[in-house]
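I have placed the structure first, in the form of structure tokens, so that the comments after it can refer back to it.
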Amino acid sequence: MIKRTGFHHVALRAQHLEQSIEFYTKLGCSVIRSWGEGDSRGVMLDMGGGNILEMFAGGTAQAEEHPRFEHIALKSDDVDADYQAALEAGATSQVEPKDGSLGGVLPIRIAFVVGPNQEVIEFFQEK
């Protein structure tokens, strides 16, 4: 039996790595390690709560027809403020903040933006 302790990180190939680092830094993340140069460059960002986003240079502008990941969901204490901060950092809106429920039993507030690499980011708050 394998003992799992959770995710270490999620990785993203960035079209413009420096722009992506700046974007996530504006969302309150910080670089915890960096290595390599050019298209071999990589960074790890502290997303909070022990979660890490790893990014690599060398991505392309071409969006995947059927991406393997639907979106990155970030825990939020204030969806509206996080959504606004993302827009101010250069994201584009996909879904404005709204209330809903998961399966009709868990009240939530969510919003979605598209980041600098066409990655979809959800701000997720359990109510």
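A compact table of results
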| quantity | calculated |
| --- | --- |
| Some residue of the stretch 100-114 being in contact with a strand residue (DSSP E or B) (Cβ under 6 Å, 6 or more places away or on another chain) and of a type in the set (D, E, K, R) | yes |
| Members of the stretch 40-49 found to be free of Cβ contacts under 8 Å to residues at least 24 places away in the same chain and either under 13 Å from Gly28 (Cα atoms) or under 15 Å from the mean Cα position of the chain (by Cα) (or both), listed by number | Asp46 |
| Flag if Asp46 is closer than 20 Å to Phe7 by Cβ and of a type in the set (Asp, Glu) | yes |
| Residue within the stretch 91-111 that is of a type in the set (Asp, Glu), without any contact (Cβ under 8 Å) to a residue 12 or more places away in the chain and either at positive phi or not assigned by TED's automatic domain parsing to the domain that holds Gln15 (or both) present | no |
| Inter-residue pairs, beta-carbon under 6 Å, first under 15 Å from Thr25 (Cα atoms) and in the stretch 74-90, second part of a helix (DSSP H, G or I), 6+ apart | Ala89/Phe23; Ala89/Lys26; Gly90/Phe23 |
| Selection count where residues are exposed (fewer than 13 other Cβ atoms within 10 Å of the Cβ) and among the hydroxyl-bearing types (Ser, Thr, Tyr), scope the stretch 1-55 | 3 |
| Boolean, Leu53 is under 24 Å from Ala11 (Cβ atoms) and not in a loop (DSSP other than H, G, I, E, B) | yes |
| Qualifying position, being over 13 Å from the mean Cα position of the chain (by Cα) and closer than 30 Å to Asp39 by Cβ, among Ala73, Ala61, Ala91 | Ala61 |
| Matching residues, the stretch 1-48, being within 15 Å of Pro116 (Cα to Cα), assigned to a helix (DSSP H, G or I) and not aliphatic (A, V, I, L, M) | Glu18, Gln19, Ser20, Glu22, Phe23, Tyr24, Thr25, Lys26 |
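Yes/no matrix, rows are residues, columns are (1) at pLDDT below 95; (2) in contact with a strand residue (DSSP E or B) (Cβ under 6 Å, 6 or more places away or on another chain):
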position: Thr5; (1), (2): yes, no
position: Gln15; (1), (2): yes, no
position: Gly50; (1), (2): yes, no
position: Thr60; (1), (2): yes, no
position: Pro67; (1), (2): yes, no
position: Ala73; (1), (2): yes, yes
position: Asp80; (1), (2): no, yes
position: Thr92; (1), (2): no, yes
position: Val95; (1), (2): no, yes
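The values are calculated or read from the model by the stated rules, or taken from the named source; none is laboratory data. This structure is a prediction, so every number in the text was calculated from the model and none was measured. So basically every Cβ, Gly included, is an ideal-geometry build from the backbone, and we count neighbours across all protein chains shown.
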